[in-house]
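Visitor: Let me begin by handing over the structure; questions about it come next.
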Amino acid sequence: IKRLWEAGGGVLDVPTRECPPIPEFPFPDTWIAEDAPEEERVDVVRWKRTAAKIYEERVKWRSKVREIGVFLRIARNSTPERFWLPVFCDTRGRWYYRGIVNPQGSDLSRATVHFARKKALGERGLFWLRVSIANHYGYDKARFGQRASWTIQNWPTIERALDAPEDFPDVWGTSAPWSMFAAAWELREALNSGSPETYRTGIAVHMDATCSGLQHFSALMRDPVGARFTNVTDSGGDVKEDIYTEVSDVTLAQAQKALDAAVASMGDDLVATNEIRRYAELWLSWGVPRALAKKPVMTYSYGATVLGTAQDIA
């Protein structure tokens, strides 16, 4: 990471050393919109959109540069092999780290911070390390065995890219390139050690739940539907179940049902019927993508309200 930064950055999510420049205004300072022809006003609108987008990129750039600065300062002053991170708990009892470089931070942070107390991989360590590599690449919807097999199949390409990751950006994907790189590096070290089971590593292998709040509710209430779509129980398919996609599909089905009922209705309250019909048609035309369904579903078990959800979607 230090080498890529000193070379100018701009690859594998390492920011460029230079701040992205905002394009110059296309006309002189004396330009007046009211007196300008339509073509020039269109050019100005296009410039504003480009400038706004670059402004957002500059905000993200500053954040990444701040992180790189802290990271390099720690790396330069790395006299101790161990360091500790302050933490705090929120009102739900969830544990959070403070500081820019931490195991809950950016992909760069998660890749570079390892446990000081290393442990041997053991009998199943190689398997989970391979699963982790596939997860970081973005191949995380298949079953664990398929993910490990994916890493084995792609290992020659991944291994070849380890010593010059910037020359093979496609190998690392866009999900978590540095975490994938770190896991692949440890896998190569383990394989080259001659005894992978006894190879000691401090890398964190992340294990993500499927909407953990609803998982707990499904288990507590013995709910077979919730248990299936949060993967508490095994549905038997090749791909894990996804509660967010299921809610998206059910929502659209309910909208279609409401539209059909409104069209068929001959009741007295035509105002309400037309209102239902209008909103149902809108949602069916817009669609409900998984990303839109995710937040309301994920926060449902943490006290999310209908009003708050509506405001967030709006």
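Visitor: Measuring from the lowest to the highest alpha carbon on each principal axis, how far does region 215-285 reach, largest first, in angstroms?
Guide: 47, 25, 16
Visitor: I need the helices of the chain that pass two filters: whole DSSP H segments spanning 27 Å or more by Cα along the axis, and mean Kyte-Doolittle score no lower than -0.5.
Guide: 243-264
Visitor: Quickly work out the R62-to-A253 label distance, labels modelled 7 Å from Cα along the C-beta direction, and quote it in nm with one decimal.
Guide: 4.8
Visitor: OK, next. Once you have the Cα-Cα distance between A164 and T16, take 0.36 nm times their residue separation minus that, and quote the gain in nm to one decimal.
Guide: 51.5 nm
Visitor: Hey, can you find the accessible area per residue of region 155-314 for me, probe 1.4 Å, expressed in square angstrom?
Guide: 61
Visitor: Another question about this same structure. Convex hull volume of the Cα atoms in region 1-152, per residue, in Å³?
Guide: 244
Visitor: Using a 1.4 Å probe over the heavy atoms of the protein chains, calculate the carbon and sulfur portion of the accessible area of region 169-314 as a whole percent.
Guide: Here carbon and sulfur together make up 58 percent of the probe-accessible area.
Visitor: Pick the calculated volume of the Cα convex hull per residue in Å³ for this structure from [x] 246; [y] 340; [z] 194?
Guide: [x]
Visitor: Using the Cα centre as the reference, give the magnitude of the dipole from point charges on the C-beta atoms of the chain (Lys, Arg: +1; Asp, Glu: -1; all else neutral), rounded to the nearest 20 debye.
Guide: Result for the chain is approximately 1680 debye, rounded to the nearest 20.
Visitor: Give me the log10 of I(q) over I(0) for region 120-234 at q = 0.13 Å⁻¹, as the Debye formula computes it from C-alpha points; what are the numbers?
Guide: -0.57
Visitor: Using only alpha carbon pairs under 8 Å that are at least six residues apart, calculate the relative contact order of region 1-111 and give it in whole percent.
Guide: So the answer I get is 18 percent.
Visitor: Further question on the same structure: Within the set of other residues whose C-beta is less than 13 Å from the C-beta of D260, count the net charge using Lys and Arg as +1 and Asp and Glu as -1.
Guide: +1
Visitor: Tell me the carbon and sulfur percent of the accessible area for region 51-106, rounded to whole percent, probe radius 1.4 Å.
Guide: About 56 percent, which is the carbon plus sulfur part of the accessible surface.
Visitor: Still on this structure, please answer the following. Tally Lys/Arg at +1 and Asp/Glu at -1 over every other residue whose Cβ is under 15 Å from the Cβ of D312; what's the total?
Guide: With Lys, Arg at +1 and Asp, Glu at -1, the net is +2.
Visitor: Quick one: longest stretch of the chain between exposed loop trypsin sites (Lys or Arg not before Pro), exposed meaning at most 15 other C-beta atoms within 10 Å and loop per DSSP?
Guide: 223-314
Visitor: Tell me the mean residue ellipticity at 222 nm calculated for the chain from its helices only (DSSP H runs of n ≥ 4, each -39500 (n - 2.57), averaged over every residue, nearest 500).
Guide: Working: 12 runs with 173 residues, N = 314.
Roughly -18000 deg cm²/dmol at 222 nm, from the helical runs in the chain.
Visitor: Whole angstrom only: what separates the Cα centroid of region 1-65 from the Cα centroid of region 83-97?
Guide: Distance between centres, Cα-based: 37 Å.
Visitor: Additional query: Let's test the formula: R0 of 35 Å, r as the Cβ-Cβ distance of A142 and L307. What FRET efficiency results, to the nearest 0.05?
Guide: Efficiency, from the Cβ-Cβ distance: 0.40.
Visitor: Loop-only chymotrypsin sites (Phe, Trp or Tyr not before Pro) in region 1-88, please: DSSP not H, G, I, E or B, and at most 10 other Cβ atoms within 10 Å.
Guide: W84
Visitor: Would you list H114, H136 from the most to the least accessible area, probe 1.4 Å?
Guide: Ranked from most to least accessible, the order is H114, H136.
Visitor: H206: net charge of surrounding residues, Cβ under 15 Å, Lys/Arg +1, Asp/Glu -1, itself excluded?
Guide: Local net charge: -1.
The values are calculated or read from the model by the stated rules, or taken from the named source; none is laboratory data. What you see is a predicted model, and the numbers here were worked out from it, not measured in a lab. Cβ sites come from the backbone with ideal geometry, for glycine too, and all protein chains shown count toward neighbours. The protein model used for the area step is the full one, side chains on, heavy atoms only, and it has no ligands, DNA or RNA in it. Shrake-Rupley method; radii C 1.70, N 1.55, O 1.52, S 1.80 Å.
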